[in-house]
Structure formats: structure tokens, C-alpha cells
Amino acid sequence: MTLFSPASTPRLIVKVGSALLVDPDGAVRREWLAGLVADIAARTRGGQQVAIVSSGAIALGARRLGLAKGGRANLEDAQAAAATGQIALSQTWAELLGAEGLTAAQMLVTLGDLEDRRRYLNAAATLGRLLGLGVVPIINENDSVATEEIRFGDNDRLAARVAQAAGAQGVVLLSDVDGLYDANPSHNPDARHIPVVERIDAVAGMADTRSASGMGSGGMVSKLSAARIAVSAGIPLAIASGRVDRPLAGGQRHTLFVAERTAPARKAWLAGGLTAAGAIHIDAGAAAALNGGGSLLAAGAVRVEGGFLRGDLVTVMGPGGAVARGLSEYDAGDAQRLLGRRSDEHEAILGYAPRTALVHRNHLALL
């Protein structure tokens, strides 16, 4: 089976893991990468636009700098390794793509670039223009400036967010595993491979946090998080083995996560957000109203968490956990004053004409 054929998937995002790009000694696996680039060229000639989310910068930089633990001993080492390795990584991609007659472009992004709505739209416009010009964007998190608190932390989730920004119709996570199993196959020889996942909640407990190679930063948990982001935006995602010579040629075993009904672009962006400035806790009645398509009214809110401002992304927490994300209509202080109060009381409490909801349904996405 071909992974997202050009005919059915005009725009594809491919994530390449560190263990595929870099050998245990910290050198580029150039022969394998040339095979992947040949696959990308074939797809491009078939009319498909392809963007790459490429890991490997920290592993490459650590080798050149002689850093312990693959450059991941501490944040400073990881940032130095990323800054050094990113040059080597982009040069390799550009050289191999150039040999196939393709032009490479580099995009380094931070979490804020895809979590802030205006910066997200700017990144989306750049991606769209590059792909429209026939260029192959090589995208990575800007690890040289990212901190532990403000970063994606893995390129799986980055690939899913890039797919949203690019308006892609498919995501392939090339990894050192060939998909999802009902148990860790490294420890359980009877583990069963799962070829298709219709509902992520049904398989969430099967994920392992560890990277098989030790070079990556994700594991299956990050891949399931990426799948949740992608499918909620109407984008199918596949986890496939890159341990073959031509990983995009098709035929190898993989796990396909089936896309849900396509959400409007703004709501898909809200649902896929990884950071929030705070939270508004609500009662069961308010949660039911949200599920019925309503706005979040102050009467159903019971607690405010965090120091968010008007327009910030907040998580809406029901009795059983997170139920939605949305843009707050109020600063945290004013939201706190309105908790549990009816709409007709708001003006007297605040001293100004209030807005209709704490979070309006037009700026809210259910999880």
C-alpha cells in the first residue's frame, strides 16, 4: 500500500526521526537519506508537494562538539549542539535534493510561532508559498533558542502542527518502529500490530514514552499526541518504519490513524494548541452546554486558574478533565469576579458593559 499517494494527497508532511538520519556514532546515514530523497523526488514529479520535518540536528552537533549523552546532558549542551548540527543537516538535505533537481528551503520555528495566531498565519503563508513554488521546506524546531518551558519537545507534534499550517492532507511519521502495538514489542514477542486506528482514545493506554534508539525525544506517546492533533484537524496520519531503503515507496507495514470530520481552520488550530495561559473550570451543566454547541457562560464557571489576559488561549476543564480550548473574552481577574454569576449581573459587578460569554463558541474548540 502506498503511503498517501500523490493523486489522493496533494500536500504531504513527512517527519524523519533522528535514529533514521544519524547513526550511533553521530554521522549522517547518507545512503539511506539518498533513497528517501529519491522517493520525495518521485512524488514531486507525480504532482505531490512534500515538506520535511527533520530531526537530527542535536545528534549531529553533539558529535562535532564531542558532547556527552548525544548532546542532551543539559539544556545548554542541547542548544549548542542544535546550533552546530543544524548547519550540517540543512547542507546535507540541500545537496541531496539538489542532485534530484529540487530546491530546499530551511524553516526553523519555535512553539510560539505556531501557538500565536498571527505568527501561525505568517508561517502558514510562507509554507504555502514555498510549496507552491515547488520547493521542499526542511522544518525543525529552533532548539538553539527554545527552552524547556517553551518548546514542542518532539518533532512528532511539530509535524502535526505544520500539517495544519500547510493545509496538508496527510502526515507520515517515519520512525524506527513500524506502527502502534497493543504492547511494547521490544519486551513482549506476542505484541499485536494495529494497522488502523479509528478512535485514538481506544488505544491511548498502549503508548510507551521511550525512544527506541535513545537519540529521539518522543516515543509512542508523542506520536499519539501528534495523531490526535492531526486527525482532529481532518488530516490522516501514519506511523511507518523508516528501516527500509525506500521508505516512501510503499508496501511496508504501518499504522494509519483515520481523520475525523474536518474542522474549520481556526477551530482546528485552537484544538491543536499545546500551551495555554490558564484554565477555566466549569460544572457538569456548563460542560453539557458546550457539547451542545453553546458558549461558556460565567454562570457555569467555578474556578479560574492562571494569569491569562483577554484573547489568551485557555483550557476549559470539566469535572472529568479538559473539554475544550478557547480564547478568553476576559482577563483572569474579571473572570474570577464573574464566577457563577448570571449574565444580567455582570455590568453591575464589572462597572462596564460586559461581553456575552467567558469564551464565545466562535472562539472555542471541543477536545
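Computed from Cα positions, the angle between helix 155-166 and the longest principal axis of the chain comes to roughly 70 degrees. Per residue, the solvent-accessible area of the chain (1.4 Å probe, heavy atoms of protein chains only, all protein chains present) comes to 43 Å². Only DSSP H runs of four or more residues enter the estimate; each adds -39500 (n - 2.57), and after division by the residues of the chain the mean residue ellipticity at 222 nm equals -10500 deg cm²/dmol. Measuring nothing but how far apart in sequence close Cα pairs (under 8 Å, 6+ apart) lie, relative to its length, the chain scores a relative contact order of 15 percent.
Starting from the Cα of Ala42, move 7 Å in the Cα-to-Cβ direction to define the label point; list residues of the stretch 1-33 whose amide nitrogen is under 11 Å from there. Only 2-3 pass the distance filter. Sequence-ordered 3J(HN,Hα) estimates for the stretch 359-367 from the Karplus curve with 6.51, -1.76 and 1.60 and θ = phi - 60° stand at 9, 6, 4, 6, 10, 9, 10, 6, 9 Hz, glycine and proline given as x. Sorting Thr315, Thr2, Thr255 by solvent-accessible area of protein heavy atoms yields Thr2, Thr315, Thr255, largest first, with a 1.4 Å probe.
Across the stretch 193-202, computed HN-Hα scalar couplings (Karplus, 6.51 cos²θ - 1.76 cosθ + 1.60, θ = phi - 60°) run 6, 10, x, 9, 10, 8, 9, 5, 4, 6 Hz from first to last residue, x flagging Gly and Pro. If the chain linking Gln91 and Ala265 were pulled fully straight, counting 0.36 nm for each residue of separation and taking away their Cα-Cα distance, it would gain 59.3 nm.
Taking the square roots of 5 times each eigenvalue of the Cα gyration tensor of the chain, largest first, gives ellipsoid semi-axes of 39, 22, 20 Å. Restricting attention to the chain, close to 40% of DSSP beta bridges with both partner residues there are antiparallel. In the chain, the portion of solvent-accessible area held by carbon and sulfur atoms comes to 50 percent [1.4 Å probe, whole percent, DNA, RNA and ligands not counted].
At R0 = 25 Å, how high is the FRET efficiency between Leu121 and Ala202 if r is their beta carbon distance? Nearest 0.05 is fine. The computed FRET efficiency comes out at 0.15. The length gained by stretching the chain between Thr2 and Thr103 to full extension, at 0.36 nm per residue less their Cα-Cα distance, is 33.9 nm. Amide H contacts of Gln106 (H built 1.01 Å from N, in plane; Pro and chain starts excluded): Ile138 sit under 5 Å, all sequence-distant by 5 or more or on other chains. Axis angle, to the nearest 10 degrees, between helix 30-45 and the longest C-alpha principal axis of the chain: 70 degrees. Positive-end ranking of Leu367, Pro236, Gly333 along the dipole of the stretch 224-367, with charges on Cβ about the Cα centre, is headed by Pro236.
Considering all different alpha carbon pairs of the stretch 285-336, the Kirkwood hydrodynamic radius works out to 11.3 Å.
Enter the Cα centre distance for the pair the stretch 296-362 and the stretch 229-244, rounded to the nearest angstrom. Each part reduced to its Cα centre gives a spacing of 35 Å. A simple spin-label model places pseudo-atoms 7 Å from Cα toward Cβ; at Arg341 and Val302 they are separated by 2.0 nm. The overall shape of the stretch 55-174 is oblate: from the C-alpha gyration tensor, with semi-axes ordered a ≥ b ≥ c, the ratio a/c is 1.5 or greater and a/b is no larger than b/c.
The values are calculated or read from the model by the stated rules, or taken from the named source; none is laboratory data. Bear in mind that the values here come from a model prediction, so they are computed numbers and not experimental data. Because the Cβ atoms are built from the backbone with ideal geometry, glycine has one as well, and the counts that use them run over all protein chains shown. All accessible areas refer to the heavy atoms of the entire protein, side chains included, with ligands and DNA or RNA removed. Shrake-Rupley method; radii C 1.70, N 1.55, O 1.52, S 1.80 Å.
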